[in-house]
Structures are given as C-alpha cells and as structure tokens.
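The values are calculated or read from the model by the stated rules, or taken from the named source; none is laboratory data. Not measured: the values here are computed from a predicted model. So basically every Cβ, Gly included, is an ideal-geometry build from the backbone, and we count neighbours across all protein chains shown. Note: accessible area is taken over every heavy atom of the protein model, side chains too, but ligands, DNA and RNA are not part of it. Shrake-Rupley method; radii C 1.70, N 1.55, O 1.52, S 1.80 Å.
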Amino acid sequence: MTSSETNPAGRTAKPPTTPTGAGPEKYLGTPAWELLLPAASAPARARGRSLQAALREAVRSGRLATGTRLPSSRDLAADLGVSRGLITEAYEQLTAEGYLRSGRGAGTWVGGAVRAARPRAHDLAPRSTDARADFVPGTPDVSLFPRAAWAAAQRGVLAELPHHELGYPDPRGLPRLRTALAELLARRRGVVADPERIVVVSGVSQATAVLGFVLHARGMRAVGVEDPGSPQHDSLYAAAGVSTVPLPMDDEGLLIGPLRESGVRSVVTTPAHQFPTGIAYSARRRTELLDWARSVDGFVLEDDYDGDFRYDRAPVGALQGLDPERVAYAGSVSKSLAPGLRLGWLLVPEPLAEEVVERKRTMDLGHPTLDQALFARFLERGDYDRQLRRCQRAYRERRDALVGALEEDFPGSEVTGIAAGLHVIAALPQRYGPQERFLARVAAAGVAVRPLTDYTHARAGDSGRPGVRLVLGYAHLSPTRIRAGVRLMAEAVAGRPG
C-alpha cells in the first residue's frame, strides 16, 4: 500500500513509520498494520469490537510478535482513519486481557503472555488402512447409507417439529422416538420394550460407559467379559473405575462354571452373534446365564452385536426378552446406517432405570433433538426396515463371495460364524502355518487381516495350534474386491519356503 491509497473509511491511509533511533526495538510493520484495515471499515457500531478482535488475532497468530512496539493511539487512529478513542479503548482492553503491556511514557507493546500459534484442526477419526485388501472386521459399508430417504426425513422434521422440542430434551430421549424404538425392538428382536425404560444414547459405547458408572456407584468394581471378545470393553469400563474379568467360552456360549467362580455380579455378552467367534448362545446356556444372574442378584449386559443381520433363517431373539429385569439391552444403528450418526439405545431393567437416566442427564443433558426426531420419522415411515433389507441383501452376497473365495484359494479351510453378522472365522489348514509367518507374508503383500488371537485377553489362546485362524470382515468390501483380496492373500503364501 502506498501513501496515496485511501482506506474504506474515506481517509488517506499511510503505514506508520519506524521512529528514528529505534535501535533493535520491533515496531508494527506494514503487513501487520494492513490486517487492521478491514476492521477499520466495519460499520460504526461494530468498529471498536472489530479492531479489538483484529489486534487480538494478530497477536495470537504471531503476526505481531512479542516485544513489538505499537504506534501511539494518535498515529494509528490517523493511519486507519478512525477516532483516537477507538484505538485507546482497544489498547486498554487488550492490555487488561494480557495481550499488550504499557507503561506511562513508555508506549504500548505486545506482551509475552500469549504462546498460542494459529490453531490447526487434526482429524483423529479412525480410517481404513492403505492396504491393498482390508479384511479388518467391524466396519459396515457406509456407501449404503440412504442419503435420499434421510434427506427427505430431515426436511419433514424441520417443517413439522414444534418449537418447544428444540429445548432441552428428556434425558431418556424424545417420547416419539422411544415409542417407535419400542415397536421396532419388540417386532424385530423379541424384547420386552417399555418406552419408559428406553434411553437414547450415542451408540453402544456410551451405553456401556453409563452402565459402568452405575455399577460402580452400586459398589461393583469388576464385570465379566467374554474371552475372546471385544477389546473395547476393557477401556470403557476402566474409565468408570470398573475392571474386567475375562471369562472363557465354548461352542454354546459363556461357560457358567468360571462365571460363578469369578465372583462378579454382572457380565457383558453378545448372545445373538458373539464377537468374534460368531456363535449364537444355545437355549440351554441362555437359561443358565439368567439363572446365575438371579442367584447373585446381578445383571447381564447384552450387546446386540449384529443382531439384525442373520441370513439363512430368522434372527435369534434377544436375551432380554427372557428376563427384562435382569438384562440391560443395548443396540445401535452403527452397522445398519452409519457409525458417524452416533445413535443407539439402551433398554434398562427397572432396578437400574432411575440411576441410568440420571447418569445420562449429567453426561450430556440428552441426545440431540433433531437427530432423534429425524430417526423417529425414519422408523415410522418404514424407511429403516427397507434399509435393513437392503443391507441384508448386500451383506449376504458379500459373505457368499468370501466363503466361495476361501474355498477356491484356501482349500480345506473351515469357515464358521457365517449364519449372521459382518465377519467370519476362517481356520486355514496347517500347511499355511505357523500363524506368525502367515501374517508377516500377507502384511508384506498389502493385506490387512486380524488373527483370532488379537481378541483374546491372554493373547495366547491359539498359540499352540499349528494352523491359522483369522477374523475376516467383509461388509465394507464389494464381492469383486473380496475375491481379489483373498487371491492376493493366497499368492502371498503360495510357493514360499518356510
């Protein structure tokens, strides 16, 4: 900018000059001074606040470095074409806040209190690997998200939602959504669904955390978990001050003997489609599990993992339907719609209901109202049922593609857990072992897989087995990519001496 340029306030603006004999002192230079010009052109009523904000940001960003001497209020006001009072007020305000410092007869300087650089936003969200083929389980195909139907539901909700429902919601959730969820869960999962006992949560993780805090408040310091099982339970319960006790499984479900011997009074289960083994708890084991809960005055915490996705016959009903006073039931839309929605539900036994609701209230004052109303409309109009059918068709086709590819490229493999869910267990023949060598070779070929041992607490559950046991997720892969990935894995281990 030259001295002949005119600022937006209509006065000729020129940059402040460095005083003669300034020595090593730093003065406000032209680039930083120009940062204030847009603020100087703000409407009169907002000009003072704009100048303060611009100066504050210049200090925060480092454009005005610590030790920089600012022009006098008279000179800067003249250069910017604003009143001296605005500059004086800005200097005084930022001095009071610690951004500037001043002394009688010594001028105004940038203070040394500010250390913040310009903030940068980092994305910590989990992302898929850069592998050529990624069989890591737990990820649905988010491209199946029904954008058009969701957008239509959103428009409808925004048009019809009463103003008062934009206030703080019932911490349990909107009555409309809890009613729709009760109907859905009773119809599809066989639960005893009382809308008054449904709490809308941010997914199963929050349901787990809420229950952890409630159990801790009741004096329970340990909870049983399936082994193998989800590794997330350990950290979620630990955050609530509750430790986890790994309990062994057999092909019918959680073993009751070790459960009784553990001394815990609550246990986490995935009875519809156990993660990661893929088994469904037998009727006998379900009965034994509930008998145990009654005998210790305890609770079963049911994570309905993949409960909606059973391909060859009707889904196994939820355990909660057998004893709603002993089973806390949790589910979400993370696999059926998208994990990013952070939307789920917790059906609470009556003895825990009041404590769970109070804990949810203190956590976040309730789930976002617009999201709840939108999902309620999505349920009421049948859109969610249509989405489930769409996902089931897609995931069944992908399961079949994975099973077929394993039969072709790894003959003799035993594939289990295929009746439901979004992953399978593949036990490869002994000739493909040992497991450590197999994993190293496929990783070098760019294939991401997880062995079953990654989900055991001892991390040694299969160490003595000569073969390879993998947990292979398939929901996020097209049939073509599944077949190509299995072929890539086979080529990585074929013809290579041990």
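Surface analysis of the chain yields an accessible area of 47 Å² per residue, using protein heavy atoms and a 1.4 Å probe.
As a fraction of the 1.4 Å probe accessible area of region 104-167, surface on carbon and sulfur atoms comes out at 54 percent. Run through region 379-455 and list the trypsin sites (Lys or Arg not before Pro) located in a DSSP loop whose Cβ has at most 15 other Cβ atoms within 10 Å. For trypsin sites (Lys or Arg not before Pro) across region 379-455 that sit outside H, G, I, E and B with at most 15 neighbouring Cβ atoms in 10 Å, the list reads R381. Here the chain carries DSSP beta bridges of which approximately 60% are antiparallel, counting only pairs with both residues inside. Taking the C-alpha atoms only, the angle from helix 369-380 to the longest principal axis of the chain is near 40 degrees.
For the chain, what does the alpha-carbon gyration tensor say about shape, rounded, prolate or oblate, given a ≥ b ≥ c as the root eigenvalues, a/c under 1.5 as rounded, and a/b over b/c as prolate? It comes out prolate by the Cα gyration axes. Which part of region 422-452 falls in the paramagnetic zone of R481, meaning amide N under 15 Å from the point 7 Å along Cα-to-beta-carbon? Within reach of a label on R481, which here means backbone N under 15 Å from a point 7 Å along Cα→Cβ, region 422-452 contributes 447-449.
Length gained on full extension, E34 to E261: 74.3 nm, using 0.36 nm per residue less the C-alpha separation.
With a Förster radius of 25 Å applied to the beta-carbon distance between R396 and F145, the computed FRET efficiency rounds to 0.85. In this rough spin-label picture, where each label sits 7 Å from Cα along the Cβ direction, the A222-T95 distance is 6.5 nm. Placing a label point 7 Å from the Cα of E196 along the Cα-to-Cβ direction, the residues of region 353-388 with a backbone N closer than 17 Å are 353-358. Here the gap between Y311 and R294, fully extended at 0.36 nm per residue and compared with their Cα-Cα distance, gives a gain of 2.8 nm. Multiplying the residue separation of A53 and H163 by 0.36 nm and subtracting their alpha-carbon distance yields 36.2 nm. For region 188-338, with all protein chains in place and a probe radius of 1.4 Å, 52% of the accessible heavy-atom surface sits on carbon or sulfur. Ordered from largest to smallest accessible area (heavy atoms of protein chains, 1.4 Å probe), the residues T66, T108 come out as T66, T108.
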